[in-house]
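Peer 1: Here it is, the structure, as structure tokens.
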Amino acid sequence: MKGEDRMIFAKENGRKNIGAPDKLFGVSQKAKAKTAALGRDNVINSTIGVLMNDDGDLVVLDSVTECIHKLKPEDYAAYAPILGTPDYIEAVKKAVFLDEMPNSFLEACYTPGGTGAIRNAISAYTAVGDKVLTSDWHWSPYSIIASEIGREITTYKLFDNDRKFNVDSFEDSLLKLLETQEQVLVIVNTPAHNPTGYTFTLEDWDNLISVVKKLHDKKVVILTDIAYLDFAGDAAEYRKFFKKLENPPANMLPLIAFSASKGYTMYGMRLGALICMAPDEETAKEFKDIMSVECRGSWSNGNRAAMTVLSDIMGNKELFAGVTDERDIYMEILHKRGKAFMEGATAADLKICPYDSGFFITVPCAKAEEVSEELQKDNVYVVTLGQGIRVSVSSNTEKECRLMPAKIKTAMARCGL
Ligand SMILES: Cc1ncc(COP(=O)(O)O)c(C=O)c1O
């Protein structure tokens, strides 16, 4: 049956339509087609959100691949316990906190990637109809994850006029939400935020926590999305902020969304965890109880093979050193690419969001769609955000990163900016 007579079976359930076509997929297809026609040297594809080497191939850590090859049938055939294997729960705590275990009642559960952790946190710590607070620049799937379970994302301004964490906007937005909600879940994506590359400083954390402290009779759950932690820079330095979450005010609960997608190049194996830094035993138990229902009611048991891989790595000092040594080599490449883009931006007088580290850099731009189309005429493909353009330094060569800012500046000028 075609056209008007066709019956529609899928439910909109509050969406604007059944499911909009993926804009990102469209531009990335165009970039691929252009690359096939003109060759890799003549097209800059900055739409891909994974780490690629200079030949355009996905970076896969050999040390992780070796562990995958050693898996035994029972590692992938058997069900894992709902919350994850006990070895994995210990491994994931080690992977996140290394030798600085926080002085909290730590609990964790397996989730399929960081996405699953964000989903479980929203589902368990907000009510249907609630708003979840995050920054104006954010990873867009947060909205889909929230709306698919009947919640909504609302935002505060991440940067103030001095390009620093806008604590006033954070406080205003939080207060406004607490007029109608007795509890708010806040998502903070740091370090190496997607899409800007910003990292919360220790002072930013102090400011954020003191806002929460002031609201003593209102409950605030802080979910830190650390998807890019292991590609941010020095491991100990970028973990210092965990100390700030160790003794939270009584009205604050810190949660951590871990993802093995980037740090362990296990994107496709769907490995992640939601970690609760509970202040007391009862809150830790409450976390475990609610997570066993959240997991059972969404994906049920997790990927045992993937859990075994991380457990093996974290259980063997040499294996872990192999992973970190290999990762350091790619981190240096990533760092050089980010630096090249920033130097190019300074030379071209292109304004970018404050970038510290990570896979992405954002150029604020009022006519993002128009500029993106103009860039495509120059064989440059980028991702548009509401008020900006995102480039993916993780997938471009250092040379491309140095070239892009001038091209963006020219395209903006052609669009009257
Ligand atoms: C900011 C951020 N959080 C979470 C994720 C989730 O990643 P995954 O579900 O693959 O672990 C991503 C993936 O791109 C991300 O960019």
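Peer 1: Can you tell me which residues in region 29-60 are closer than 23 Å to Glu398 by Cβ and either hydrophobic (A, V, I, L, M, F, W, C) or at pLDDT below 90 (or both)?
Peer 2: Filtering region 29-60 for residues closer than 23 Å to Glu398 by Cβ gives 31-32, 34-35, 38-60.
Across region 29-60, the qualifying residues are Ala31, Leu38, Val43, Ile44, Ile48, Val50, Leu51, Met52, Leu58, Val59, Val60.
Peer 1: Moving on. May I ask you to verify whether Glu343 is without any contact (Cβ under 8 Å) to a residue 40 or more places away in the chain and not in a loop (DSSP other than H, G, I, E, B)? Explain how you work it out, then say what you get.
Peer 2: On the way: without any contact (Cβ under 8 Å) to a residue 40 or more places away in the chain: no; not in a loop (DSSP other than H, G, I, E, B): yes.
It is false that Glu343 is without any contact (Cβ under 8 Å) to a residue 40 or more places away in the chain and not in a loop (DSSP other than H, G, I, E, B).
Peer 1: Let me confirm something: among Met307, Met277, which residue is assigned to a strand (DSSP E or B), touching a helix residue (DSSP H, G or I) at 6+ places or on another chain (Cβ under 8 Å) and crowded, with 24+ Cβ neighbours inside 10 Å? Quick ask: steps written out before the conclusion?
Peer 2: Values: Met307 fails: assigned to a strand (DSSP E or B).
Checking each option against the conditions leaves just Met277.
Peer 1: Continuing with this model, one more query. Which condition from (1) within 16 Å of the ligand (Cβ to nearest atom); (2) closer than 30 Å to Gly386 by Cα; (3) touching a residue at least 60 places away in the same chain (Cβ under 8 Å) is the one that Ala108 breaks?
Peer 2: So Ala108 meets the others, but not (2).
Peer 1: Restricting to region 231-260, and then to whatever is under 20 Å from Ser394 (Cα atoms) and crowded, with 21+ Cβ neighbours inside 10 Å, can you tell me which residue is farthest from the chain's Cα centre (by Cα)?
Peer 2: In the first step, residues of region 231-260 are kept if they are under 20 Å from Ser394 (Cα atoms); the result is 231-235, 238, 258-260.
Filter once more, so that each one left must be crowded, with 21+ Cβ neighbours inside 10 Å: 231-232, 238, 258-260.
On the way: Phe231: 12, Ala232: 12, Tyr238: 15, Phe258: 9, Ser259: 8, Ala260: 11 Å.
Result: Tyr238.
Peer 1: Next question. Please specify each residue of region 280-293 satisfying the condition of being surrounded by 20 or more Cβ atoms within 10 Å (Cβ to Cβ) and of a type outside the set (Phe, Trp, Tyr). Talk me through it step by step, then tell me what you get.
Peer 2: Just the residues of region 280-293 that are surrounded by 20 or more Cβ atoms within 10 Å (Cβ to Cβ), to begin with: 287, 291.
Hit for region 280-293 is Met291, nothing else.
Peer 1: Name the one entry in Thr362, Thr324 that is polar (S, T, N, Q) and surrounded by 20 or more Cβ atoms within 10 Å (Cβ to Cβ). Steps first, please.
Peer 2: On the way: Thr324 fails: surrounded by 20 or more Cβ atoms within 10 Å (Cβ to Cβ).
Matching residue, one of Thr362, Thr324: Thr362.
Peer 1: Name the pairs whose Cβ atoms lie under 6 Å apart, with the first residue in region 240-254 and touching a residue at least 24 places away in the same chain (Cβ under 8 Å), the second open to solvent by 100 Å² or more (accessible area, probe 1.4 Å), and 6 or more positions between them or separate chains?
Peer 2: Once the first residue is touching a residue at least 24 places away in the same chain (Cβ under 8 Å) and sits in region 240-254, its partners that are open to solvent by 100 Å² or more (accessible area, probe 1.4 Å) give Glu246/Asn103; Pro249/Lys213; Asn251/His216.
Peer 1: What about Thr65, is it under 30 Å from Ile361 (Cβ atoms), in contact with a Leu (Cβ under 7 Å, 6 or more places away or on another chain) and not hydrophobic (A, V, I, L, M, F, W, C)? Spell out the reasoning first.
Peer 2: On the way: under 30 Å from Ile361 (Cβ atoms): yes; in contact with a Leu (Cβ under 7 Å, 6 or more places away or on another chain): no; not hydrophobic (A, V, I, L, M, F, W, C): yes.
Judged against the criteria, Thr65 is not a match.
Peer 1: Taking strands (runs of 3 or more DSSP E) that do not extend beyond region 128-189, which have at least 1 residues that are more than 27 Å from Ala20 (Cα to Cα) and of a type outside the set (Asp, Glu)?
Peer 2: Values: elements: 131-135, 152-156, 183-189.
Per the criteria, 183-189.
Peer 1: Now, a different point. Hey, can you tell me all the residues within region 127-150 that are in contact with a strand residue (DSSP E or B) (Cβ under 6 Å, 6 or more places away or on another chain) and of a type in the set (D, E, K, R)?
Peer 2: Of everything in region 127-150, those that are in contact with a strand residue (DSSP E or B) (Cβ under 6 Å, 6 or more places away or on another chain) and of a type in the set (D, E, K, R) turn out to be Lys131, Asp136.
Peer 1: Is it true that some residue in region 30-46 is assigned to a loop (DSSP other than H, G, I, E, B), in contact (Cβ under 8 Å) with a residue 24 or more places away in the chain and within 25 Å of the chain's Cα centre (by Cα)?
Peer 2: Applying the first criterion (assigned to a loop (DSSP other than H, G, I, E, B)) to region 30-46 yields 39, 43, 46.
From the residues that got through so far, the ones that are in contact (Cβ under 8 Å) with a residue 24 or more places away in the chain too are 43, 46.
Within this subset, residues satisfying the condition of being within 25 Å of the chain's Cα centre (by Cα) are 46.
Yes: one or more hits.
Peer 1: Can you tell me which residue in region 176-225 is nearest to Leu245 (Cα to Cα), limited to those that are hydrophobic (A, V, I, L, M, F, W, C) and within 16 Å of the ligand (Cβ to nearest atom)?
Peer 2: Quick first cut of region 176-225, residues hydrophobic (A, V, I, L, M, F, W, C) only: 177-178, 184-188, 192, 200, 202, 205, 208-209, 211-212, 215, 220-223.
From what is left, the residues that are within 16 Å of the ligand (Cβ to nearest atom) are 185-188, 192, 200, 222-223.
Values: Leu185: 15, Val186: 14, Ile187: 14, Val188: 13, Ala192: 18, Phe200: 13, Ile222: 9, Leu223: 11 Å.
Within region 176-225, the match that is nearest to Leu245 (Cα to Cα) is Ile222.
Peer 1: Only one of (1) touching a strand residue (DSSP E or B) at 6+ places or on another chain (Cβ under 7 Å); (2) under 30 Å from Glu373 (Cα atoms) fails for Gly26. Which number is that?
Peer 2: Exception for Gly26: condition (1).
Peer 1: In this structure, does Asp217 turn out to be modelled with pLDDT under 95 and either under 12 Å from the mean Cα position of the chain (by Cα) or of a type in the set (D, E, K, R) (or both)?
Peer 2: yes
Peer 1: Can you find, within region 162-203, the residue that is surrounded by the most Cβ atoms within 10 Å (Cβ to Cβ) among those that are within 30 Å of Lys336 (Cα to Cα) and of a type in the set (A, V, I, L, M)? Quick ask: steps written out before the conclusion?
Peer 2: As a first pass, look at region 162-203 and keep what is within 30 Å of Lys336 (Cα to Cα): 162-166, 187-203.
Those still in the list that are of a type in the set (A, V, I, L, M) too: 187-188, 192, 202.
Numbers: Ile187: 24, Val188: 22, Ala192: 27, Leu202: 11.
The qualifying residue surrounded by the most Cβ atoms within 10 Å (Cβ to Cβ) is Ala192.
Peer 1: Then there is this: If you check Phe159 against the conditions, is it among the aromatic types (Phe, Trp, Tyr), surrounded by fewer than 20 Cβ atoms within 10 Å (Cβ to Cβ), away from the ligand (no atom under 16 Å from the Cβ) and more than 16 Å from the chain's Cα centre (by Cα)? If you could, list the steps in order and put the result at the bottom.
Peer 2: On the way: among the aromatic types (Phe, Trp, Tyr): yes; surrounded by fewer than 20 Cβ atoms within 10 Å (Cβ to Cβ): yes; away from the ligand (no atom under 16 Å from the Cβ): yes; more than 16 Å from the chain's Cα centre (by Cα): yes.
It is true that Phe159 is among the aromatic types (Phe, Trp, Tyr), surrounded by fewer than 20 Cβ atoms within 10 Å (Cβ to Cβ), away from the ligand (no atom under 16 Å from the Cβ) and more than 16 Å from the chain's Cα centre (by Cα).
The values are calculated or read from the model by the stated rules, or taken from the named source; none is laboratory data. Bear in mind that the values here come from a model prediction, so they are computed numbers and not experimental data. Because the Cβ atoms are built from the backbone with ideal geometry, glycine has one as well, and the counts that use them run over all protein chains shown. Heavy atoms of the whole protein, side chains included, go into the accessibility calculation; ligands, DNA and RNA do not. Shrake-Rupley method; radii C 1.70, N 1.55, O 1.52, S 1.80 Å.
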